[in-house]
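So the structure is just underneath, and the comments pick up after that.
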Amino acid sequence: MTPEQMQEMAKSLGPLVAAQLVDQSKGHRDSYAALLGSKAADTASEEPRRAPITGKHMTEGTGLNLIRYVKAKAVARMDGRNVVDVLKSWGDEVVSKALSQGNYSGLGSLVHPQFASEFIELLRNKAVVRQAGARVIPIGASLTFDRQSSTGTAFYGGETSTIQESEPGTDTVSLSEKKLTALTAVPNDLIRNASINAEEFIRNDLLNVMALREDAAFLRGSGTQLEPRGIRNQVDPAHVYAETVATVGAPTLGEMKKELNKAKKKLKKANVPMVQPVWLMSPNAETAILDAPGPGGEGTNALEREMVERGTLRNVPFFVTNQIPETLGSGKNCSELYLVDMAEVLIGESMALEIDVFPNGAFTRGGQVVSGISTDQTVLRAITKHDLAMRHRQSGVVVKDLSWGSN
């Protein structure tokens with residue numbers, strides 16, 4: 001109900017009812033009281049003021065508010081009720097109040113923006129490329145940047161020599177939306193159960209499949225029409241080289257330092273700004289560095305001390321991910337080590353996370369269509385659209401066939 005509608009209702013019902021309406025609107029008490037007139041405001045002021053509620057609700061910032069909304073939406077469709085009424089019947093004042101204050105009516109809104117934003121934040125924390133600092137920019141269906149690919153040339157000449165012409169080369173960087181989807185079938189009995197544990201189950205299932213698939217594409221995607229081209233396949237081929245350690249599988253601390261320094265030198269010689277450089281590695285590589293004996297034996301590994309105490313490696317933050325395979329190379333036991341300036345990595349988003357609910361909907365499992373009616377299940381579908389690009393292909397280094405920790 002808008003303030004204008006409340007004002008008209010107050011005129012017809014009298015100041016006492018007006019005061020009750022003001023009290024029900026809690027967060028907007030003062031503004032509504034002014035609209036309803038001074039008498040209503042005086043009456044409202046006589047009501048005892050409640051102590052302000054401090055702290056956070058148990059679901060705030062965890063993504064559970066969105067899942068609570070999705071569950072309520074499914075139950076509302078099954079039972080023919082309003083979403084807000086379902087939430088209130090569960091005793092959830094936080095989500096129901098947010099929907100009410102947002103003028104939510106019926107099923108007119110797919111996902112309330114507040115909840116969508118909360119869920120995406122949790123998704124981003126699960127994805128190492130986003131967590132490492134890639135820049136997120138909004139795009140439409142596509143976005144193209146002009147980029148300088150080569151420089152002009154300067155020449156010395158005589159007093160009357162003809163000045164030679166040169167011009168820089170240019171190319172483009174393009175982002176075009178790629179659709180990432182996930183579909184989960186949930187038993188209706190689980191949806192009707194309003195416990196936090198049930199909500200965590202649904203949240204984690206959607207979260208994991210979306211986050212891990214996105215991260216895999218952002219790291220090593222093929223760049224086909226349907227999938228983003230990952231960092232591994234965008235780095236300049238001149239910046240991709242095999243490890244140079246002599247002790248394959250268990251390199252010495254000195255050999256690892258030399259390899260790490262070589263990668264850093266490669267970026268510096270390419271004039272990469274190094275605004276936000278990070279290492280990306282697999283668990284095997286991290287463990288190999290931590291376990292390497294120092295020159296004086298146990299406890300003298302300087303790299304280990306830096307990683308544990310400062311969270312950096314050669315003064316650069318590092319991130320460990322299972323999305324870098326450990327089954328690469330001729331022996332199928334190698335991984336890769338990335339050094340990337342994440343300020344040069346762009347994630348273009350054309351569609352925020354969108355979740356829809358299909359009570360008793362049909363879905364495909366193992367190539368066979370499954371009826372939600374027969375199995376008493378509800379289908380949850382998540383969709384988002386994005387792409388990834390590197391501003392300069394020289395802003396990353398990939399050490400391939402990395403044998404560290406493979407023994």
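Residues of segment 317-351 being of a type in the set (Asp, Glu), assigned to a strand (DSSP E or B) and within 21 Å of the chain's Cα centre (by Cα), which ones? Selection gives Asp341, Glu349. Take Arg192 and tell me if it is at pLDDT 70 or above and out of contact with any strand residue (DSSP E or B) (no Cβ under 6 Å at 6 or more places or on another chain). Criteria met by Arg192. Highlighted here are the helices (runs of 4 or more DSSP H) found entirely within segment 181-281 that include at least 1 residues which are over 27 Å from the mean Cα position of the chain (by Cα): 188-192, 253-269.
For segment 291-307, state whether one or more residues are in a strand (DSSP E or B), farther than 18 Å from Asp341 by Cβ and in contact (Cβ under 8 Å) with a residue 24 or more places away in the chain. The answer is yes, given that some residue of segment 291-307 is in a strand (DSSP E or B), farther than 18 Å from Asp341 by Cβ and in contact (Cβ under 8 Å) with a residue 24 or more places away in the chain. Picking from residues in segment 149-180 that are part of a strand (DSSP E or B) and more than 25 Å from Glu227 (Cβ to Cβ), the one that is least open to solvent (accessible area, probe 1.4 Å) is Gly169. Within the option set Leu219, Leu212, being at negative phi and buried (at least 18 other Cβ atoms within 10 Å of the Cβ) holds for one residue only, Leu219.
Scan segment 323-339 and give yes if some residue there is buried (at least 20 other Cβ atoms within 10 Å of the Cβ), in contact with an Asp or Glu (Cβ under 7 Å, 6 or more places away or on another chain) and closer than 21 Å to Val173 by Cα, otherwise no. Checked against the condition, which is being buried (at least 20 other Cβ atoms within 10 Å of the Cβ), in contact with an Asp or Glu (Cβ under 7 Å, 6 or more places away or on another chain) and closer than 21 Å to Val173 by Cα, segment 323-339 yields no hits at all.
The values are calculated or read from the model by the stated rules, or taken from the named source; none is laboratory data. None of the values given here were measured: they were computed from a predicted structure. Note that we place each Cβ from the backbone using ideal geometry, even for glycine, and neighbour counts take in every protein chain shown. Areas reflect the complete protein model, heavy atoms only, side chains present, ligands, DNA and RNA absent. Shrake-Rupley method; radii C 1.70, N 1.55, O 1.52, S 1.80 Å.
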